[in-house]
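Here's the structure, in structure tokens; my notes come after.
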Amino acid sequence: MAITLVNPDGLPKIDVYRQVSIASGTKLVFLAGQVSWDAQGVTVGEGDLAAQVEQCYLNIATALAGVGGSFDDVAKLTVYVVDWTPDKMPALLEGISRAGAKLGVTPVPPATLLGVAALDIPEHLVEIEATAMLSA
């Protein structure tokens, strides 16, 4: 594994975040922000944040697999949520959990979560960017 996630002493321990990501591989991979499109470009889960988060994570897994990686290689995820409020956290976590169950992995939690006014099209509620470090 090229990535080690840690919460150093002296910083808050937040269940769904890790404060530091240590990358030790040889190939840095930047994934474009993934939205809830399926392979045909159709929006999955219109109006459903959990379903859209799930699809974003599935898209990230597909993109990583396409370059020889997996969630084990993710150094950082940045999540952009339209009109973010803390009451949306359960839906965000549900989407992450459902994607993990489908993929058979424990997905990396977001390192950064940002509220935004809008995304590329009105149907998209979330976009997730990933940075990964591959061993070769």
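The values are calculated or read from the model by the stated rules, or taken from the named source; none is laboratory data. All figures in this text were calculated on a predicted structure; none of them were measured in a lab. Using ideal geometry, Cβ is built from the backbone for each residue, glycine included, and neighbour counts are taken over all protein chains shown. Calculation scope for accessible area: heavy atoms of the full protein, side chains included, ligands and nucleic acids excluded. Shrake-Rupley method; radii C 1.70, N 1.55, O 1.52, S 1.80 Å.
Brief remarks on what is shown
- Flag for LEU31 being outside any helix (DSSP H, G or I), within 13 Å of the chain's Cα centre (by Cα) and buried (at least 21 other Cβ atoms within 10 Å of the Cβ): no
- Boolean, GLY104 is open to solvent by 40 Å² or more (accessible area, probe 1.4 Å) and closer than 15 Å to LEU134 by Cα: no
- Among residues of the stretch 43-69 being open to solvent by less than 50 Å² (accessible area, probe 1.4 Å) and among the hydroxyl-bearing types (Ser, Thr, Tyr), the one that is farthest from GLY100 (Cα to Cα) is THR43.
- Unique match (being open to solvent by 80 Å² or more (accessible area, probe 1.4 Å) and either in a strand (DSSP E or B) or farther than 25 Å from ARG98 by Cβ (or both)) among LYS76, LYS13: LYS76
- Screening ALA75, ALA50, ALA39, ALA99 for residues that are closer than 26 Å to LYS13 by Cβ, modelled with pLDDT under 95 and not polar (S, T, N, Q) leaves exactly one candidate, ALA75.
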